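S.K.: My structure is below; once you've seen it, I'll send some questions.
Here, each number is a calculation from the coordinates, and none is a lab measurement. Just so we're clear, the structure is a prediction, and the values are computed from it rather than from any experiment. No Cβ is skipped: glycine too gets one built from the backbone with ideal geometry, and neighbour counts run over all protein chains shown.
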Amino acid sequence: MSKVLPQHDPYKEPPEFQKCRSVVDVLAVLDQRAPNVEIVPPVTLLRCGLVDFAKEKEGDLAKPTTVELLQDLENQIVWLTSDEGRKYSVKASCKGFPSASC
């Protein structure tokens, strides 16, 4: 009889990121002298990016495409366009994120 180990929840966020409601909030959690965006769970950036994108929009305008969402995140976090940032898994995470139209 084999035992099944509990599965890791890919959408579980550390407490310091659970309270964030915008990309600005996420960046405020990081060390401002040398922010390490890699420690931010991709689901946090996607969740907060969706909230930021939808501000002051209604209906379908509040639902970004994958390209719109990622461009908006890259505009707010320039690091995502760097060589290191391209290795970050926010794009891969977007594919399984329930609220995005990826």
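S.K.: Please enumerate, by chain and number, the aspartates and glutamates with C-alpha under 13 Å from the C-alpha of K55, excluding those fewer than 8 residues away in the same chain.
M.R.: Within the straight-line limit of under 13 Å, K55 reaches these aspartates and glutamates: D72.
S.K.: Could you give me the ³J(HN,Hα) list for the range 73-86, computed from phi with Karplus coefficients 6.51, -1.76, 1.60 and θ = phi - 60°, whole Hz, x at Gly and Pro?
M.R.: Karplus-based 3J(HN,Hα) across the range 73-86 equals 5, 5, 5, 7, 10, 4, 3, 4, 8, 7, 4, 5, x, 5 Hz.
S.K.: Rounded to whole Hz and in sequence order, give me ³J(HN,Hα) for the range 30-35 from the Karplus expression 6.51 cos²θ - 1.76 cosθ + 1.60, θ = phi - 60°, writing x for Gly and Pro.
M.R.: 7, 5, 5, 6, 8, x
S.K.: Ok, one more. So if we plug the beta-carbon distance of T65 and V4 into 1/(1 + (r/R0)^6) with R0 = 25 Å, what FRET efficiency do we get, rounded to 0.05?
M.R.: FRET efficiency, T65 to V4: 0.10.
S.K.: Testing the spin-label approximation: label points 7 Å from Cα along Cα→Cβ at K55 and D25. State their distance in nm.
M.R.: Label at K55, label at D25, 1.1 nm between them.
S.K.: Answer rounded, prolate or oblate for the range 3-85, using the Cα gyration tensor with square roots of eigenvalues a ≥ b ≥ c: rounded when a/c is under 1.5, else prolate when a/b is larger than b/c, else oblate.
M.R.: It comes out oblate by the Cα gyration axes.
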